[in-house]
Amino acid sequence: MFANENRAYRKSLASHGLLYLGLAEHEIVVVNLSITGLLALLKVNPSLAGIKDIFRALQVSPLVDFYLPDMNLAGEAEVVRAESVDAGFQIAVEFRNLSYDVDNLLYSRRAYRKNISAAGHIVFNDTDYAFNTENVSIDGIMIRMLGRIAVEEGTVASFDFHQLGVEGEAKVVWVEYDEISTLMGLQYLHLRRGEIVGVPKFTQPILKLA
C-alpha cells in the first residue's frame, strides 16, 4: 500500500504557461504538477518536422526554461520524457531552478532573467576587468567582479560575453558591494556582434484558455 510513498504528490489541473525549447517559446497546457516537476502538453501540436527539431534540441541539452503565470512561477527544468500521445505532444520535466513571484519580477525587470554563470570582460576607465555573470536576459546582464570596483550608475562600458558570442556596450544601472566583490546590473545599449539567443523573453501576457 506504500508503493508510491516516495513519489511526489501530483495535482491535476488545466493551467497554462510557456516552455522555451529549441530557441522558441511554446505555449503549454499543464496536465499535472508536483513539487518536483510537471507534465504538460504543447498547446499547438507540432508537425513531424517540428517534433524532429524538438528532439534535436533535447539531444543538445535537456534543460528548458518555463513560465507559469497562474502560479507566479518560472525557472529552469530538465526534460525527462517527451513523446507524442493521442492528446498531442507531451513533455515531462523535473524542476532544477525556481523563481517565485515572477509576475512582479517581470514587471520590474521587463524580461525574464536566466541563471547563467560564465566568464566575460568589461572595460572601465581603460582598465579591463574579468567578471562572472549571475543571470542574463534579453535586456541586460547581472555580473560579479572580485574586489571593490568604483563605478557610477549611468557609466557606459564595452563588454564581451563569449558563452553567448556577444559583445557591445552597456550602461551601468545599479551597483552593490559586499566584503569581497562588486555586483552590478547592466543594460545593453547596442551589440556589435551576435545577438541574445538561448534566453527566453517571457514578457508577453498569455491569454487564458477557454
Once a ≥ b ≥ c are taken as the square roots of the eigenvalues of the Cα gyration tensor of the stretch 11-109, is the result rounded (a/c under 1.5), prolate (a/b larger than b/c) or oblate (a/b not larger than b/c)?
prolate
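Over the stretch 119-193, calculate the relative contact order: mean separation of alpha carbon pairs under 8 Å at least 6 apart, over the residue count, as a percent. Present the calculation step by step, with values, prior to reporting the outcome.
Numbers: 174 pairs, mean separation 22.1, N = 75.
Once divided by the residue count of the stretch 119-193, the mean separation gives 30 percent.
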If the only charges are +1 at each Lys and Arg Cβ and -1 at each Asp and Glu Cβ, what is the size of the charge dipole of the stretch 11-109 around the Cα centre, to the nearest 20 debye?
160
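Taking neighbour Cβ counts within 10 Å as the exposure measure, how do T36, T133, T127 sort from fewest upward?
Values: T36 13, T133 20, T127 8.
With the sparsest Cβ surroundings first, the list reads T127, T36, T133.
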If you rank F159, F66 by fewest surrounding Cβ atoms within 10 Å, what's the result?
F159, F66
For the stretch 119-193, Kirkwood radius (reciprocal of mean inverse C-alpha pair distance, Å)
12.1
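Just want the ordering: Y177, Y188, Y20, Y112, from fewest to most Cβ atoms lying within 10 Å of their own Cβ.
Ranking Y177, Y188, Y20, Y112 by Cβ neighbours within 10 Å, fewest first, gives Y177, Y188, Y20, Y112.
The numbers here are math on the coordinates, done by the rules we state, and not lab data. Just so you know, these numbers come straight off a predicted model, no measurement behind them. Note that each Cβ is placed from the backbone with ideal geometry, even for glycine, and that neighbours are counted across all protein chains shown.
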